[in-house]
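Worksheet: one structure, shown below.
The values are calculated or read from the model by the stated rules, or taken from the named source; none is laboratory data. The model shown is predicted, which means the values in this text are computed figures rather than measured ones. Here Cβ is always computed from backbone atoms with ideal geometry, including for glycine, and neighbour counts include all displayed protein chains.
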Amino acid sequence: MDNRTIEERRRDREKYNEIVYRKNAMIIFTKAPISNNVKTRLGPQLSKDERASLQRLFLVNILEQIKLDVDVFICYDSEKGALANLEAIFGSGCIYFVQEGEDLGERMRDAFDKTFKWGYEKLLLIGTDVPEFTTEIFREAFNILNHKDFVFTPSPDGGYSLVGMKKRADEIFTLDEYSHCNVLKETLIKIKESGKTYGLTEELKDIDVYDDLMGYLQRMEDKGKENNISSFVKGLKKISIIVPIYNEEKTIEGLIEQLEPVKGAVEIIFVDGGSTDNSLSLIPDDYKLLKAGKGRALQMNAGAMESTGDILFFLHADSVLPEDFLDEIKKANKASRVGAFGVKYDSPNFFMHTTRWISNWRTSLFGIVFGDQGMFIDRDLFFDMGMFKEIPIMEDVEFSERLRARGIKVRLTSDRILTSDRRFPKGTVAKLKFMWKMNRLRKMYRDGVDLDKISNMYRDER
């Protein structure tokens, strides 16, 4: 339904009359580069903001390649803010309209219907996730339509990224499904059955999943080419998750369950400090497992030295991560080279809520990060800092103090990490006594008391 006023429609018509005068046109069939909206299959390797930035680069690349005497239509999804976002890229020299239809076939047919009404002789419709589209491909597609009814640019996955025609046609938009590997094959069969003809341009790879993106980067490097898209991909930061473990058979399976969905997106390293329970047997063989001497500092340093990531994320085995924790890390990392999750405890006890508030306040105000908050830090900064000091306890506090001395601020994430309260004894009075004891230990550390003595006083609940 057109909700514009008569005056608004009149102005739009006058604007379109100035634009629409060529014989041929191209329809850019796209989603707007809005964070929650695009290239979801590239997650979790790419954050929402990174996926939006990549989509924006795809669109700019398409615009740069349309160097033909054609009118350009932008057929876009109806998400709030989409039009303004796209107009900022393509400007006022294009005609914009919303995709309509129940499935992909209906939406493409509707786009052709609306555009053919302007009287064009040839129309091309293209997707936007093919960074290797060129002016030459578009020109070839229009030339094929000089002697064929349809033209397609095939994709290796059995689909197509470009479709063109000279007259409105139904036969290519009536498939039962458009997400399988025989889309182009079934479409061509329908064209042959109708007695019409088609031609194909060279096959081009589209970008659906992370491996596609890496393949594109490799092709550009093999050709000795660099552009805004390949530069962006090379600049993406890889995360290494380093988990020090010691007798974690009660928690390790829960952590692995959380990490499974992101296993292909990050590097995951478990570092064992000499477990005597079944912890090691519970870690699947496809995870990297190192062995080091007991002590979190020693274990985390060993993991860092074996890692390859640009961001090092030190995680305790008893933590429960937020759903989009990789997005949280990357977002915070843009603001500061060091970050941590705000902490909350899996306990309804009032004093555990107090402990949570104090911990998060301490990090925000003084930059002191405890290990159970999940510190993440740029790799080069971590090694420039000399890694964790290999002391029996308080390695997290000592490292935080060195960061603070250098004026490096810690960024807290918006979401919280859920941490076990297993080191706290049961019962309110017992918890209060333990909190008092921990405060006393931290004061002893600040006063320079021997760390071995402090470590011996710290009760290990595992």
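Just one residue in the set 312, 326, 321 is crowded, with 18+ Cβ neighbours inside 10 Å, modelled with pLDDT of 95 or more and under 26 Å from residue 397 (Cα atoms); that residue is 312.
Just one of the listed residues (198, 160, 216) is touching a residue at least 60 places away in the same chain (Cβ under 8 Å) and aromatic (Phe, Trp, Tyr), namely 216.
For residue 216, the test of being closer than 30 Å to residue 165 by Cα, out of contact with any Lys or Arg (no Cβ under 6 Å at 6 or more places or on another chain) and aromatic (Phe, Trp, Tyr) is passed. Inside segment 218-233, residues that are assigned to a helix (DSSP H, G or I) and over 21 Å from residue 46 (Cα atoms) make up a count of 1. Of the residues making up segment 65-87, not one is over 24 Å from residue 110 (Cα atoms), modelled with pLDDT under 95 and not in a loop (DSSP other than H, G, I, E, B). If you go through segment 248-264 and keep only what is assigned to a loop (DSSP other than H, G, I, E, B) and crowded, with 19+ Cβ neighbours inside 10 Å, you end up with 248, 251. Per the listing 25, 52, the residue uniquely modelled with pLDDT of 90 or more, of a type in the set (Gly, Ala, Ser) and touching a strand residue (DSSP E or B) at 6+ places or on another chain (Cβ under 8 Å) is 25.
Within segment 66-83, can one find any residue that is under 30 Å from residue 237 (Cα atoms), surrounded by 17 or more Cβ atoms within 10 Å (Cβ to Cβ) and small (Gly, Ala, Ser)? Among the residues of segment 66-83, at least one is under 30 Å from residue 237 (Cα atoms), surrounded by 17 or more Cβ atoms within 10 Å (Cβ to Cβ) and small (Gly, Ala, Ser), which makes the answer yes.
In segment 396-415, the residues that are assigned to a loop (DSSP other than H, G, I, E, B) reach residues that are among the hydrophobic types (A, V, I, L, M, F, W, C) with C-beta atoms within less than 7 angstrom, at least six apart or across chains, in these pairs: 408/338.
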